[in-house]
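The values are calculated or read from the model by the stated rules, or taken from the named source; none is laboratory data. Because the structure is a prediction, the values reported are computed rather than measured. So basically every Cβ, Gly included, is an ideal-geometry build from the backbone, and we count neighbours across all protein chains shown.
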């Protein structure tokens, strides 16, 4: 078996400047959102990543016409008519986008919408019962059979009061999309308020939607039937920014990330200050750099925005292996997000896993025996190993560990990183990393 792999020789500080790419978690949802109307939508700052390709393929099945200039990072799309409402099983497991197609299409067609079961990284259960509950409150009929979701709005959609049990990002997005064409007014309580959701709301307002947000996690949507053509600049990817920032600091380097948004990173930047890392916010981006010995003894609990993002904890754990002291991270968003810890320990880290909630935050996983807390003891010396990527964010954490480690690190499963990091190899090489991509024979299927 041959694997698309990365070869890294570590202990080289990252130095230089890179541009932040458009956000994966906004761009894919924006493409789906554009299908609410039959008007042309043009997107700028589009990341060249696999998840965008998959989403475009999905949307083209339905009737979207696409013009993608990868060099200029511009996509122009229009869905004049809904030509097909059946998404084939080959998209099952591809990513989390298929379920959002239901929200976008319920108001545009009387046909039954059929999408395959969800995919994406295996981070634990990400139930769609919240999505289904919202659809039904708006008047849709939804069932799950033969590994497919089947939905329709033959009797029309009607605005409703929808109170989410948990401020789920995906459920909030889907509820917004399905409410745009619903008769009357929809009020969503306990909604997620991530920057990517705000970006979608800004796009929808340009599109013609009457949509507002309040400080108590409430989103109000009035029925919309008339739409406009839209031009939209995709916000920077805060997960990408955090990943490169932590890699620079962990390797004792200094980088400037052009386009990094201060507002989206407040919680992260505070934690950097706590470990003694340095940053300078400038008019067109943020500079991150190592200056003095890093100190641990942190306590971090992941949470919905504006809390510490679950996608930040993997690279931050790697940084904590290089800080002096004992730190604790309590994962409250996904129950299975520490699957990468064993590999870091193989490389020399000293990390213990616990099923207890090591924190004060309300946690859905209390007493469920999920190992969702870790204690990181540092500083430890990492040594290169032969390792396999389990998911996107763990994949970058491994890359970061390889950049720190002594000797050679071989990382199998490079396509995981292609899903969410735009030209990551070129960016790391431009910062001085000794990293290359190779096809390597392995005895393990990846």
Which one of the conditions (1) modelled with pLDDT of 95 or more; (2) assigned to a loop (DSSP other than H, G, I, E, B); (3) surrounded by 18 or more Cβ atoms within 10 Å (Cβ to Cβ) does residue 252 fail to meet, given that it meets all the rest? (3)
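Of the residues in region 165-179, how many are under 23 Å from residue 24 (Cβ atoms) and more than 14 Å from the chain's Cα centre (by Cα)?
Step one: of region 165-179, the residues under 23 Å from residue 24 (Cβ atoms) are 166-178.
Filter again for more than 14 Å from the chain's Cα centre (by Cα), leaving 166-167, 171-172, 174-178.
Total meeting the criteria: 9.
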In region 153-177, anything more than 30 Å from residue 306 (Cβ to Cβ) and surrounded by fewer than 20 Cβ atoms within 10 Å (Cβ to Cβ) is listed as 154, 155, 156, 158
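Can you tell me which residue is nearest to the chain's Cα centre (by Cα) among those in region 269-324 that are on the phi > 0 side of the Ramachandran plot and either at pLDDT 95 or above or outside the structural domain of residue 246 (by TED's automatic domain parsing) (or both)? It would help to see each step written out before you state the result.
Taking region 269-324 and keeping what is on the phi > 0 side of the Ramachandran plot, we get 276, 285, 297.
Narrowing further to those that are either at pLDDT 95 or above or outside the structural domain of residue 246 (by TED's automatic domain parsing) (or both): 276, 285.
Values: 276: 27, 285: 21 Å.
Here the answer is 285.
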Kindly provide the set of residues from region 54-80 that are surrounded by 20 or more Cβ atoms within 10 Å (Cβ to Cβ) and either touching a residue at least 60 places away in the same chain (Cβ under 8 Å) or assigned to a strand (DSSP E or B) (or both), ordered by number. 75, 77
Tell me, yes or no, whether region 304-320 has at least one residue that is part of a strand (DSSP E or B) and either touching a helix residue (DSSP H, G or I) at 6+ places or on another chain (Cβ under 7 Å) or surrounded by 15 or more Cβ atoms within 10 Å (Cβ to Cβ) (or both). yes
Can you pull out the residues in region 325-342 that are modelled with pLDDT of 95 or more, surrounded by fewer than 20 Cβ atoms within 10 Å (Cβ to Cβ) and over 19 Å from residue 307 (Cα atoms)? 325, 326, 342
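Given the options 96, 90, name the one that is assigned to a helix (DSSP H, G or I) and either crowded, with 22+ Cβ neighbours inside 10 Å or at pLDDT below 95 (or both). Before the answer, list the steps.
Values: 96 fails: assigned to a helix (DSSP H, G or I).
Of the residues listed, the single one that is assigned to a helix (DSSP H, G or I) and either crowded, with 22+ Cβ neighbours inside 10 Å or at pLDDT below 95 (or both) is 90.
Would you say residue 402 is assigned to a loop (DSSP other than H, G, I, E, B), in contact with a strand residue (DSSP E or B) (Cβ under 8 Å, 6 or more places away or on another chain) and in contact (Cβ under 8 Å) with a residue 40 or more places away in the chain?
Values: assigned to a loop (DSSP other than H, G, I, E, B): no; in contact with a strand residue (DSSP E or B) (Cβ under 8 Å, 6 or more places away or on another chain): yes; in contact (Cβ under 8 Å) with a residue 40 or more places away in the chain: yes.
Spelling it out, it is not the case that residue 402 is assigned to a loop (DSSP other than H, G, I, E, B), in contact with a strand residue (DSSP E or B) (Cβ under 8 Å, 6 or more places away or on another chain) and in contact (Cβ under 8 Å) with a residue 40 or more places away in the chain.
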Got a sec? Which strands (runs of 3 or more DSSP E) wholly within region 155-241 have at least 2 residues that are over 29 Å from residue 111 (Cα atoms)? 210-214, 230-233
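Here's the yes/no breakdown for (1) within 21 Å of residue 110 (Cβ to Cβ); (2) not in a loop (DSSP other than H, G, I, E, B):
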{"position": "27", "(1), (2)": "no, yes"}
{"position": "34", "(1), (2)": "yes, yes"}
{"position": "38", "(1), (2)": "yes, no"}
{"position": "82", "(1), (2)": "yes, no"}
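Yes or no, residue by residue, for (1) in contact with a helix residue (DSSP H, G or I) (Cβ under 9 Å, 6 or more places away or on another chain); (2) within 28 Å of residue 102 (Cα to Cα):
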residue: 11; (1), (2): yes, no
residue: 18; (1), (2): yes, no
residue: 27; (1), (2): yes, yes
residue: 39; (1), (2): yes, yes
residue: 44; (1), (2): no, yes
Looking at region 417-430 only, could you name the residues that are closer than 11 Å to residue 51 by Cβ and assigned to a helix (DSSP H, G or I)? 418
Considering only residues that are touching a strand residue (DSSP E or B) at 6+ places or on another chain (Cβ under 6 Å) and touching a residue at least 60 places away in the same chain (Cβ under 8 Å), look in region 348-372 and name the one that is nearest to residue 323 (Cα to Cα). 359
Every listed condition ((1) in contact with a strand residue (DSSP E or B) (Cβ under 8 Å, 6 or more places away or on another chain); (2) touching a residue at least 40 places away in the same chain (Cβ under 8 Å); (3) under 27 Å from residue 426 (Cβ atoms); (4) surrounded by fewer than 22 Cβ atoms within 10 Å (Cβ to Cβ)) holds for residue 39 save (3)
